Each structure stands twice: as C-alpha cells, then as structure tokens.
Amino acid sequence: MKIINNTFFLRFSIAIILLAHSIPSFLDNSINDFGNLYLNQNGFAPVGVYIAWAIKISHVVAALCLLLEKYVKLVSIVTIFILLMGIIMVHYQEGGYVVGGGRNGMEYNFLLICVLISIYFQTFQNQLKNQPE
C-alpha cells in the first residue's frame, strides 16, 4: 500500500482542515464552551462536554488515519455523521453559504462530506481490486 496515491491530496486536505478546526480548540477552552453552552443547552445535558471532546478527538484521529491511509472507511463514516449533525443542528438554519450570501452556512460541510464520500468509495474500489480471485 502506498500512502501517496490517487486519493492523497484529498486525504491530505481533509486532514489539514480537521486539524485546523481541532487543535486550536484544545488550547482555548472552546471545546468545553461548545459542550456547556451549546450541546447541553440543546438537549445533550449532562453529557454535552463529553460529546464535544469526543468530536474533537475523533477529528484528530480521523486526520491521522487519513494521512496514513488507515481505517479510511471507518473514519470517513464517523466524520460524515458528525458533519451531517453539524448541518442539521447549526448550519442549515444559517443558510447555504459560509461567506458571501450568508454566514456559517452548510456549503463547507457539504463539500467536506462529498470529498469524504469520494475517498470512501475510492478506498473501497481499491480494496476490491486488490482482492485475490
């Protein structure tokens, strides 16, 4: 298995995005704020902080797995689920656009989901090609 293959740039870009959205929140207490001030207030009390931490840790693990091309299908499914929940709970009500026609909309998550689906299916296809007959 070669780590640099036809999905490398997609995996690399998603990994960078996931890390960029996770690492700063470990340092500035925004994970706890998201858990306490958003998740707990929207029906997830008393486990909102734990869910927030699980989300951020899953993003870091997903980034590493995508970079190393390990467990790609599993981390794609988990990350797609998290992104879909983000659309349902936060971004849909803000509209379609992140900038320009709106703010904090769902287009960014939509694009990430599409890229992860592409990576998932390409990984699945590559595994089928490498199966002994």
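The values are calculated or read from the model by the stated rules, or taken from the named source; none is laboratory data. Being a predicted model, the structure only gives us computed values, none of them experimental. Glycine also receives a Cβ, built like all others from the backbone with ideal geometry; neighbour counts cover every protein chain displayed. All accessible areas refer to the heavy atoms of the entire protein, side chains included, with ligands and DNA or RNA removed. Shrake-Rupley method; radii C 1.70, N 1.55, O 1.52, S 1.80 Å.
Worth a mention:
- Expressed as a whole percent, the accessible area of the chain that falls on carbon and sulfur atoms is 68 (1.4 Å probe).
- 18 Å Cα cut-off, lysine pairs counted over the chain (separation 8 or more, or different chains): 5
- Volume of the Cα convex hull of the chain, divided per residue and given in Å³: 120
- Taking each residue as 0.36 nm, the span from Y92 to A54 lengthens on full extension beyond its C-alpha to C-alpha distance by 11.4 nm.
- F8-L84 FRET efficiency (beta carbon distance; Förster radius 30 Å; 0.05 resolution): 0.75
- Degrees between helix 72-86 axis and first principal axis of the chain (Cα, 0 to 90, nearest 10): 30
- For region 115-130, Karplus couplings with θ = phi - 60° (6.51, -1.76, 1.60), whole Hz, Gly/Pro x: 5, 5, 5, 4, 4, 4, 5, 5, 5, 4, 5, 5, 5, 5, 5, 8
- Formal net charge of residues neighbouring G95 (Cβ-Cβ distance under 11 Å; K, R +1; D, E -1): -1
- Full-extension gain in nm, K73 to A45, via 0.36 nm per residue minus C-alpha separation: 7.0 nm
- D28-Q127 pseudo-label distance in nm [points 7 Å out on the Cα-to-Cβ vector]: 3.7
- Accessible surface comparison of R103, R11, probe 1.4 Å, protein chains only, largest first: the order is R103, R11.
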